[in-house]
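Peer 1: What follows is a single structure, and I will ask about it in a moment.
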Amino acid sequence: CDVLVIGGGPAGSTVAPLLAEKGYRVVLLEKVHHPRFHIGESLLPANLPLLERLGVADEVRAIGMYKPGAEFVSPHHDWTQVFHFAEAWDKSMPHAFQVKRAEFDTILIRNAARKGVEVHEGCRARQVEFPADGSVVVRAAHDDGSESKWQARFVVDCSGRDTFLANKFQIKHRNPKHNSSAIYGHFRGARRHEGTAEGNITIFWFEHGWFWFIPMTDDVTSIGMVTWPYYMKTKGERSLEQFLMDGIAMCPALADRLAQAARVNAVEATGNFSYVSERNHGRNYLLLGDAYAFIDPVFSSGVWLAMN
């Protein structure tokens, strides 16, 4: 193929159809099958023009929770700060959406296939070689145990936090100042604001970090606790579920919003959030999104950076 894309998240499912529309033969390898759970459900207003360009804006609007702004809640006083996107310097993007990533990412990868990308799900890239002729050779394993070898003119690494090429080149470095972890789950019955503010993301901070409160459709709200290693070490024998609930209890404003809520999925955790690679491209390769770098996600920038 001309371009081999590794990873079918927002980065891969954006670059692949745009390249296919330019006439290139594009192959996309995705290690799992969509739909699949993923964190990072809060989009920025700047995502919307990209969705229009990809031709999926109506599909995303149908599954998204309207998000007019972001709210920040302090543990030290009763006053909260809301930032409305409509009041930004650029008035052309007055809102965004919150999305279930299982649905959002499925829309994007199916769109890539419609646009002529050869999509292989359940296909994990395992090895990469850069022969002297300037091509790229990628070996991949399929769910059924078979293997494939692809030769491409160019490879785009969109493998997310798997950081496929950065690990190969040994160029990935963790950020020692932002070495946080996140514990998160989905809840139903969380108390939301009324009217259009229902879809606002709320950030609550507490003694050991901060929480996200992301309202989505079907009365599902994503709750995540971002905290630092010293506090993670206090987990002890507690389950992730209990550790999260104990953390919520330490944040009265959030606990009040969740007083009648019930968890609807398994609590998960991810660690060592922030890192950067020494470079993001070479003569015949490119690293996009989390495959290149990841920053603490307080401003919902990850999906936009990946797609843009």
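Peer 1: Test His193 against the criterion of being surrounded by 19 or more Cβ atoms within 10 Å (Cβ to Cβ) and not hydrophobic (A, V, I, L, M, F, W, C), and give yes or no.
Peer 2: Working: surrounded by 19 or more Cβ atoms within 10 Å (Cβ to Cβ): no; not hydrophobic (A, V, I, L, M, F, W, C): yes.
Against the criterion (surrounded by 19 or more Cβ atoms within 10 Å (Cβ to Cβ) and not hydrophobic (A, V, I, L, M, F, W, C)), His193 does not qualify.
Peer 1: Only residues in the range 55-70 that are without any contact (Cβ under 8 Å) to a residue 40 or more places away in the chain count as the first member; pair them with residues that are open to solvent by less than 70 Å² (accessible area, probe 1.4 Å) and of a type outside the set (Val, Ile, Thr), Cβ under 6 angstrom, at least 6 apart or cross-chain, and list the lot.
Peer 2: If the second residue must be open to solvent by less than 70 Å² (accessible area, probe 1.4 Å) and of a type outside the set (Val, Ile, Thr), the pairs left are Ala57/Leu51.
Peer 1: For the range 147-190, name all the residues that are open to solvent by less than 90 Å² (accessible area, probe 1.4 Å) and among the acidic types (Asp, Glu).
Peer 2: Asp157, Asp162
Peer 1: Which pairs have Cβ atoms under 9 Å, sit 6 or more apart or on different chains, and link a residue in the range 255-278 that is farther than 21 Å from Ala293 by Cβ and assigned to a loop (DSSP other than H, G, I, E, B) to one that is of a type in the set (Asp, Glu) and open to solvent by 30 Å² or more (accessible area, probe 1.4 Å)?
Peer 2: Ala266/Glu241; Val267/Glu241
Peer 1: Test of understanding: among Pro94, Pro35, Pro68, which residue is out of contact with any Cys (no Cβ under 8 Å at 6 or more places or on another chain) and either among the aromatic types (Phe, Trp, Tyr) or closer than 27 Å to Ile248 by Cβ (or both)?
Peer 2: On the way: Pro94 fails: either among the aromatic types (Phe, Trp, Tyr) or closer than 27 Å to Ile248 by Cβ (or both); Pro35 fails: either among the aromatic types (Phe, Trp, Tyr) or closer than 27 Å to Ile248 by Cβ (or both).
Result: Pro68 is the single residue among Pro94, Pro35, Pro68 that is out of contact with any Cys (no Cβ under 8 Å at 6 or more places or on another chain) and either among the aromatic types (Phe, Trp, Tyr) or closer than 27 Å to Ile248 by Cβ (or both).
Peer 1: Has the range 34-46 got at least one residue that is touching a Phe, Trp or Tyr at 6+ places or on another chain (Cβ under 9 Å), under 16 Å from Val303 (Cβ atoms) and charged (D, E, K, R)?
Peer 2: In the first step, residues of the range 34-46 are kept if they are touching a Phe, Trp or Tyr at 6+ places or on another chain (Cβ under 9 Å); the result is 38-39, 41-46.
Right, trim to under 16 Å from Val303 (Cβ atoms) and you get 38-39, 41-46.
After this cut, where a residue has to be charged (D, E, K, R) as well, the list is 41.
Yes, some residue in the range 34-46 is touching a Phe, Trp or Tyr at 6+ places or on another chain (Cβ under 9 Å), under 16 Å from Val303 (Cβ atoms) and charged (D, E, K, R).
Peer 1: Moving on. Go through the range 64-95 and give me each residue that's more than 15 Å from Ser222 (Cβ to Cβ), among the aliphatic types (A, V, I, L, M) and touching a strand residue (DSSP E or B) at 6+ places or on another chain (Cβ under 9 Å).
Peer 2: Answer for the range 64-95, where residues must be more than 15 Å from Ser222 (Cβ to Cβ), among the aliphatic types (A, V, I, L, M) and touching a strand residue (DSSP E or B) at 6+ places or on another chain (Cβ under 9 Å): Val73, Val82, Ala86.
Peer 1: Looking at Ile214, Ile223, can you tell me which residue is of a type in the set (Val, Ile, Thr), without any contact (Cβ under 8 Å) to a residue 60 or more places away in the chain, buried (at least 23 other Cβ atoms within 10 Å of the Cβ) and assigned to a strand (DSSP E or B)?
Peer 2: Only one candidate qualifies: Ile223.
Peer 1: Just name the residue that is least open to solvent (accessible area, probe 1.4 Å) out of those in the range 125-146 that are of a type in the set (S, T, N, Q) and not in a strand (DSSP E or B).
Peer 2: Ser135
Peer 1: Which residues, counting only those in the range 169-206, are part of a helix (DSSP H, G or I) and out of contact with any Asp or Glu (no Cβ under 9 Å at 6 or more places or on another chain)?
Peer 2: Residues satisfying the conditions are Pro176, Lys177, Gly195, Thr196, Glu198, Gly199.
Peer 1: Here are the criteria: (1) open to solvent by less than 20 Å² (accessible area, probe 1.4 Å); (2) of a type in the set (Gly, Ala, Ser); (3) under 27 Å from Arg61 (Cα atoms); (4) not in a strand (DSSP E or B). Tell me which single one Gly247 does not satisfy.
Peer 2: So Gly247 meets the others, but not (3).
The values are calculated or read from the model by the stated rules, or taken from the named source; none is laboratory data. The shown structure was predicted, so the numbers you read here are calculated from the model rather than taken from an experiment. Cβ sites come from the backbone with ideal geometry, for glycine too, and all protein chains shown count toward neighbours. What goes into the accessible areas is simple: the full protein's heavy atoms, side chains included, and nothing from ligands, DNA or RNA. Shrake-Rupley method; radii C 1.70, N 1.55, O 1.52, S 1.80 Å.
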